[in-house]
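Take a look at the structure below.
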Amino acid sequence: MLLVLVFASEEDRGAFDYLYTHYKGLMLQKANGILHDPMLAEDAVSEAFIRIYRNMGKLDDPASNRSLAFVMTIVRNTALTMLQKQTRQPVPMEEEEDRADDFNLEQHVLSALSEQEIYA
């Protein structure tokens, strides 16, 4: 997939380049620490940079601690979202059928009748 980023100004482009060259390694470490998979970590960092691009107007000075915190928050949230999607797995049909087989209608009716007799 090819992604072309168009910046409003050379200043925005320079700020984005600064963020990429200075923080990419830290972002990879953070994402890999959450995902424990280098390939997924790279995907998370790529997605984070797309989000950073969309929010370039919120950054004043790319070298500031505030910008670093902003970048790290975005990559953390992106990695956590990916982890959540990765761990969300549907229950296979066989397990659902096994649960249905565990239900014994006859036993359920007999115990309901027994309870009614006790109350009577």
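Summary of values
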item	result
Accessible surface of the range 13-55 [probe 1.4 Å, protein heavy atoms]: carbon and sulfur percent	51 percent
Spatially proximal lysines relative to LYS58 (Cα-Cα < 20 Å; intrachain offsets below 8 disregarded)	LYS24
Rounded accessible area of THR21 (nearest 10 Å², 1.4 Å probe)	100 Å²
Net +/- balance of residues flanking LEU68 in space, Cβ distance below 15 Å, scoring K and R +1, D and E -1	+3
Distance in nm between pseudo-label sites at HIS22 and ARG51 (7 Å out along the Cβ direction from Cα)	2.1 nm
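The values are calculated or read from the model by the stated rules, or taken from the named source; none is laboratory data. All values derive from a computational prediction rather than experimental measurement. Please note: Cβ atoms are built from the backbone with ideal geometry, for glycine as well, and neighbour counts cover all protein chains shown. Ligands, DNA and RNA are excluded from the accessible area calculation, which covers all protein heavy atoms including side chains. Shrake-Rupley method; radii C 1.70, N 1.55, O 1.52, S 1.80 Å.
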